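The values are calculated or read from the model by the stated rules, or taken from the named source; none is laboratory data. Quick caveat, the model's predicted, so the values are computed rather than measured. Glycine also receives a Cβ, built like all others from the backbone with ideal geometry; neighbour counts cover every protein chain displayed. Ligands, DNA and RNA are excluded from the accessible area calculation, which covers all protein heavy atoms including side chains. Shrake-Rupley method; radii C 1.70, N 1.55, O 1.52, S 1.80 Å.
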Amino acid sequence: MLRVGIIGLGAIGREHLEIYRHLHGVEITAVADFNLSLAAELATGIGCEAFGSAEALLAAGLVDAVSLCTPDHLHYADAVAVMDADVHLLLEKPISTDIVEADDLVARSEASNLVVMPGHTLRFETRYLKAKALVESGSIGPVIHGYVRRNNKVSVANRVNGRTSVTFFLGIHDIDALTWIAGEKVVAVQAFSSGQTTADGKQAAAIVANLRLAGGGIVALEAAWALPEGYPTDIDARLRLVGERGEVVIDVHDFGISTFSEKLSYPVPGAPIYGAPQGMLYEEIWAFVRAVRGEIAVPVTMRDAADAVRVAAAIDRSIESGGTETITY
Ligand SMILES: NC(=O)c1ccc[n+]([C@@H]2O[C@H](COP(=O)([O-])OP(=O)(O)OC[C@H]3O[C@@H](n4cnc5c(N)ncnc54)[C@H](O)[C@@H]3O)[C@@H](O)[C@H]2O)c1
């Protein structure tokens with residue numbers, strides 16, 4: 001039986017918890033959150049131990065693997081503590097908001113015998129996997145130009161409340177997906193931001209960045225959390241790559257299901273299948289568990305995740321500097 005813990009029990013941490021509950025051969029033995037009463041309440045529901053910090057959870061020695069689901073800027077210290085405790089780690093994206101920290105996490109993970117996997121969820125989304133396969137097959141050809149976007153509602157910006165930038169919270173998904181699917185690194189960026197979502201004005205509502213790929217292709221990235229609450233879907237995302245031989249387009253603005261009660265909505269799919277969770281996060285967590293069991297190689301590397309951090313950091317630098325930022329690897 002694999003003993004797992006979840007650290008950080010906010011929006012995504014609770015989704016991890018619900019998925020682990022349904023996995024065969026997995027037992028949730030501990031949960032932790034700064035909000036100890038929240039941790040205690042969730043722990044009571046599943047019959048496990050509750051802690052107020054990652055350190056306390058790790059010191060109890062109850063887990064073989066953890067999901068670390070704390071806010072972006074707090075990942076580093078707890079990720080180091082998890083690896084130091086010899087515990088396998090599924091680390092939510094972005095692995096850090098700092099390049100030095102990200103590189104250090106890569107080095108530590110590569111020096112260990114642990115499974116350390118970044119939570120880049122789009123790597124487990126069937127449409128993105130198909131796009132990757134199409135590009136790999138050669139039917140699209142080297143990328144000439146493209147467009148990627150991810151939009152959320154204003155309430156997500158309010159929840160994050162200045163802890164991280166829209167580039168790191170949302171854009172990182174598409175930076176990683178783009179470079180993985182295209183099979184090319186981003187070598188230069190030029191970006192602008194617009195709007196404010198915090199009282200101090202430090203959190204932009206939207207960014208647009210022009211990305212130069214190593215092979216010469218150009219891709220526009222849009223990341224924003226400015227959609228009104230009444231908007232019909234929670235995730236408005238798109239990927240379009242035009243290559244020398246073809247084009248691939250993913251449009252998840254409309255998931256192919258619409259409902260109308262008080263208003264029109266395009267719900268994100270993911271209703272349980274006869275009680276069991278499904279979807280890309282389920283696939284990601286299941287792949288992590290299988291990697292820990294030695295059944296598959298770790299499907300997403302920390303090195304790729306650190307490269308995505310490099311691009312996101314360059315975008316935010318470009319917004320500050322107003323100039324083009326080059327990226328070295
Ligand atoms: N893969 C995805 O699709 C996806 C979606 C949403 C969020 N995320 C990522 O997941 C992480 C969490 O995001 P969220 O939206 O769930 O945030 P959230 O604010 O809803 O939850 C964070 C939780 O962590 C707790 N916490 C903060 N610091 C802690 C610490 N040091 N130790 C223990 N608990 C701590 C908070 O009390 C809170 O309950 C972020 O890195 C975010 O980028 C990923």
By residue number, the members of the stretch 253-295 that are in a helix (DSSP H, G or I), closer than 25 Å to Asp236 by Cα and in contact with a Gly (Cβ under 9 Å, 6 or more places away or on another chain) are Met280, Leu281, Tyr282, Glu284, Ile285
Spot the failing condition for Ile140; the list is (1) within 16 Å of the ligand (Cβ to nearest atom); (2) in contact (Cβ under 8 Å) with a residue 60 or more places away in the chain; (3) not in a helix (DSSP H, G or I), and only one is missed. (1)
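Yes/no per residue for (1) touching a residue at least 24 places away in the same chain (Cβ under 8 Å); (2) over 19 Å from Glu283 (Cβ atoms); (3) over 19 Å from the mean Cα position of the chain (by Cα):
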| position | (1), (2), (3) |
| --- | --- |
| Thr29 | yes, yes, yes |
| Ser37 | no, yes, yes |
| Thr44 | no, yes, yes |
| Glu55 | yes, yes, yes |
| Leu58 | yes, yes, yes |
| Asp64 | yes, yes, yes |
| Leu90 | yes, no, no |
| Asp98 | yes, yes, no |
| Leu105 | yes, yes, no |
Check Val189 against each of (1) away from the ligand (no atom under 13 Å from the Cβ); (2) touching a residue at least 24 places away in the same chain (Cβ under 8 Å); (3) open to solvent by 20 Å² or more (accessible area, probe 1.4 Å) and name the one condition it does not meet. (3)
Out of all the residues in the stretch 83-106, is one or more among the basic types (Lys, Arg) and open to solvent by less than 20 Å² (accessible area, probe 1.4 Å)? yes
Can you tell me which residues in the stretch 7-27 are more than 14 Å from Pro277 (Cβ to Cβ) and open to solvent by less than 70 Å² (accessible area, probe 1.4 Å)? Ile7, Gly8, Leu9, Gly10, Ala11, Gly13, Gly25
Find the residue count for the stretch 35-79, including only residues that are near the ligand (Cβ under 7 Å from one of its atoms) and in a helix (DSSP H, G or I). 6
